[in-house]
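The values are calculated or read from the model by the stated rules, or taken from the named source; none is laboratory data. In this text the structure is predicted, and so the values were computed from the model without any measurement. No Cβ is skipped: glycine too gets one built from the backbone with ideal geometry, and neighbour counts run over all protein chains shown. In case anyone asks, the SASA skips ligands and DNA or RNA and just uses the protein heavy atoms, side chains included. Shrake-Rupley method; radii C 1.70, N 1.55, O 1.52, S 1.80 Å.
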Amino acid sequence: MSILILLTRNESCAITRAEALDALFSELGYVEMNNPAPPEDVSRTHPFAGVIGSSARRGLIPRSAFSPDETIDRRGAVELALSMIGWRFETLLSKSLDLSPDAEGSLDYIFRLASEMSPPAPKRLLSDGAAPLSAEDKTSLLAWIRNCKDGVIWKKTVSFKDADLTIYRQGVALPNVSYSSFGGGAVGPGSGGPLYIAALSASPASMAARITFAGTAGKDMAPLSEMVRADGAAGGVNGGFFSKDHPVGATLFKGMHTGRPIKGRPAVGWNNEGRFMAFGDGSARVGIRTPVRFIPFKNFNTAPSENENSLFTPGAIGTLPEIAADAARITVRDGVVAERAESPSDCRAIPADSLLIVARGRS
């Protein structure tokens, strides 16, 4: 007599972290990399080692530890799903906004973000976050992510003092995937690749807007949050683009030019009373007027190349960069030359009350 034993999977059994990751990995169309190193607590012989290693390599999960065989709960599954669609930054942002005075505090920050998204996460996933993720939960999770791929947005406005911070996030952002441009600039579900907008709005009557640099904090570079604290501002937004860690484009700081305009890129300006003054390409003629001719500046707050000159303004950067030995260094105070040195000295500080001109060769 033979005995036949049939083994079937219990559809209500809990899902492990590795199984949840594998399902999301497949749903989002990720491809395994060649021999990726998994996190430290994952063996290379693990059934999901390739998926786990590829996810860690792409920065979707931590490289240090993953605990692949532990049961994943609903909260952990939603957080993992957000990370897999490229929204790890948004989860951190949701956490910081959750600490704001206006936060309702009724939801965990992960669940808050997932409920505010459009489409929102299924309600069954947003209740009892400590409950193990079941097979039915996993089906709902994957259906939600499938809908997010077709178009997902998150818009949130939070009030701070007399200003409103509006966050807008659109689209799934998969690593190493090229996205087409937005064409006419359409915003909304299904209108293109990933998009992120942060807007700080305030009335000029209650709050003044001003430009600041890391140099005001005595540094060449600093995080935006540190610059806001050093300046005593209510909030701040990056004001331009960067090239080799240096801001580029037309910029005025305390009435002095700190950057040249880039052709075709606009600039906005206002006066000390907060009144709107100008919008255009920021073109300006900035240089030195001598008895013989006008000499335009080639660079602002960057080391000049051979036969070029640069203007360094106090507050824009903390210290002078390395200057070539053949450069002349000119200190200008109140519009006239106060000091001239034929070679740069060891002192790299920029006096608070002076401008520095560094010139090389024919310039």
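Here are some notes:
- Condition broken by I72, with the remaining ones in (1) at pLDDT below 95; (2) closer than 22 Å to D41 by Cα satisfied: (1)
- Residue, nearest to I145 (Cα to Cα), within the range 169-201, restricted to residues that are at pLDDT 65 or above, open to solvent by 50 Å² or more (accessible area, probe 1.4 Å) and out of contact with any Ser or Thr (no Cβ under 9 Å at 6 or more places or on another chain): V177
- When F242 is tested against (1) within 20 Å of the chain's Cα centre (by Cα); (2) of a type in the set (F, W, Y); (3) modelled with pLDDT of 75 or more, exactly one condition is not met: (3).
- Taken over the range 317-342, the criterion of being in a strand (DSSP E or B), open to solvent by less than 30 Å² (accessible area, probe 1.4 Å) and at pLDDT below 85 is satisfied by I317 alone.
- Count - residues of the range 154-168 that are farther than 16 Å from R112 by Cβ, of a type outside the set (S, T, N, Q) and either part of a strand (DSSP E or B) or open to solvent by less than 70 Å² (accessible area, probe 1.4 Å) (or both): 4
- In the range 273-294, residue surrounded by the most Cβ atoms within 10 Å (Cβ to Cβ) [restricted to those that are assigned to a strand (DSSP E or B) and not β-branched (V, I, T)]: G287
- Scanning the range 247-272 for residues that are surrounded by 13 or more Cβ atoms within 10 Å (Cβ to Cβ) and free of Cβ contacts under 8 Å to residues at least 12 places away in the same chain turns up just one, V268.
- For A349, the criteria (1) touching a helix residue (DSSP H, G or I) at 6+ places or on another chain (Cβ under 6 Å); (2) modelled with pLDDT under 75 hold in every case but one, which is (1).
- Only one of A65, A49, A77 that is surrounded by fewer than 13 Cβ atoms within 10 Å (Cβ to Cβ) and among the hydrophobic types (A, V, I, L, M, F, W, C): A65
- For the range 130-165, the candidate set comprises residues that are in contact with a Cys (Cβ under 9 Å, 6 or more places away or on another chain) and among the small types (G, A, S); within that set, the residue that is farthest from L93 (Cα to Cα) is A135.
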